[in-house]
Structures are given as C-alpha cells and as structure tokens.
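*Asks:* Got a structure here, written out as structure tokens. Questions coming.
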Amino acid sequence: MNFLFDGPKDAPITILLAHGAGAPMDSLAMNAIAAALAGVGFRVARFEFGYMASRRTDAGRKPPPRAETLIGEYKTAVETLGATSPLVIGGKSMGGRVASMLADELFDAGKIAGLLCLGYPFHPPGKPEQLRTKHLAELKTPTLICQGARDVFGSRDEVASYRLSKQIEILWLEDGDHDLKPRKGISGFTPADHLKTLADKVKAWSAQQPALPDQGD
C-alpha cells in the first residue's frame, strides 16, 4: 500500500485520509486539503483503495464497490501506516464514510483519537430518502464533518433534520459544493478562504479532544 505524505514528520497529530468514490488520492481537491492541513502543523497521510489504485495499472478502470466492502482495506491502511503519533482517520466523501463505519471499533481499541469527514455523502444526489446516517446517530468517536452548505450529498437544510450523535460537530462552509468550493462572486468567499477556515477549524477542534495533543501556534 502506497501513501502520500504532507506536513512535518514529527507533527504531534497524524491525519489519515482516503479519497472519494470517483477521484484518486492526488486529485486537486485532495491535494489542496492535504496542503492546508499540513500548513497548520498536521502530518497528513493519503492512500488509495484497491479499485482506485488499479486504475494506475494495466488493469484499467474499475467501478467503486459498496462502501461497506472497503472497511477491511481502511483497517489495513491504519495498520500499515503504523502512526507513532495520535491518529485521526477520515477522508473525502466515500473515504470519510468508510472511516466513519470503522471509527468506533478503532476508537474503543485506542488506535485512533478522532474522525474527520470532508464532504460526507449523507445521501446520493437527488435521493434524499436514501440516508447513510444510521450509524452516525450512535457514533462515540469525536467527529468533525466539514460540509459545503449547498452540497448535493447533504445540504445544511437537509442535515438539520437528521439524528446525529452529540460527538459530531459540523463546520458549514458557505455556498460550498461537494468539494467545499464556493461559487465565484456569489458568497464573497474564495476556495482559499474555505481551505483556511477548514484547516483552522480542524486545528481548533483537535485541541478540544482529550486524546489529542495541543498543536500550539
């Protein structure tokens, strides 16, 4: 399993991120998010699920499997990474969803200290009745979800009606889409603004978790 790393090797906290269903670990969105988190002092590691990694080989393009079937691969990534500093797991869209289904098991075992979801896919676009939130109602792992306010996988108005664990905190990024980007000239925010807000919030959130060291300034 190959990893991409950003941020200082001796960072007090490591964040492991998986990609979304359709884009690789080095997509523009993942690159930008990793750089922003590294910029505030986190060690960021990224990996790809097998179906996505195969697209870089002669095996060619494979469709994403059901998220539930990727839990074992995520667990392997955690074990292979072998982080020596406190670990937060998560990912972009489907990657964050897979991490969320594994989080409590690893949290109870003392292997992770938190969960970070970037654009959580609360439901498929255009199908708000097909919720992917059942396990989120009882989640015990400290969790931060960073979500665009107009995300077609779960907007602010939609998510307000969901039953979610009190361990979940949501950062809403104004006019953000599924990649957390605002429209130009609509909200008054730029993609760079939202990346800074995201990184600063993750740093502040981590400082509030008893199992995570204070990042300092």
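The numbers here are math on the coordinates, done by the rules we state, and not lab data. Small disclaimer: the values here were computed from a predicted structure and weren't measured. Methodologically, a virtual Cβ is constructed for each residue, glycine included, from the backbone with ideal geometry; neighbour enumeration extends over all protein chains shown.
*Asks:* Specify which residue in the list 22, 143, 131 is farthest towards the positive end of the charge dipole of the chain, using unit charges on the beta carbon of Lys, Arg (+1) and Asp, Glu (-1), about the Cα centre.
*Replies:* Positive-end residue among those listed: 22.
*Asks:* Could you give the dipole magnitude of the chain about its Cα centre, charging the beta-carbon of Lys and Arg +1 and that of Asp and Glu -1, in debye to the nearest 20?
*Replies:* That gives the chain a dipole magnitude of about 400 debye.
*Asks:* I would also like to ask the following. What does the helix-only formula give at 222 nm for the chain: each DSSP H stretch with n ≥ 4 adding -39500 (n - 2.57), the total divided by the residues, and the result rounded to the nearest 500 deg cm²/dmol? Before the final figure, lay out the partial values.
*Replies:* Working: 6 runs with 63 residues, N = 217.
About -8500 deg cm²/dmol.
*Asks:* Another question, then. Distances longer than 23 Å among the Cα atoms of the range 99-217: what percent of all pairs is that? Could the numbers behind the result be given before it?
*Replies:* Working: 2332 of 7021 pairs.
Summing the P(r) tail past 23 Å for the range 99-217 gives 33 percent.
*Asks:* For a protection proxy built on the mean count of beta-carbon atoms within 10 angstrom, sort 18-28, 159-169 highest first, please.
*Replies:* Order by mean packing, descending: 18-28, 159-169.
*Asks:* Quick one: Debye curve from the C-alpha atoms of the chain, no solvent, what's log10 I(q)/I(0) at q = 0.09, 0.13, 0.19 Å⁻¹?
*Replies:* -0.32, -0.69, -1.56
*Asks:* Between residue 35 and residue 9, what is the label-to-label distance in nm when each label sits 7 Å out along the Cα-to-Cβ direction?
*Replies:* Label-label distance for residue 35 and residue 9, simple model: 2.3 nm.
*Asks:* Could you count how many Lys pairs in the range 1-156 have their Cα atoms under 29 Å apart, skipping same-chain pairs fewer than 8 positions apart?
*Replies:* Within the range 1-156, the lysine pair count is 19.
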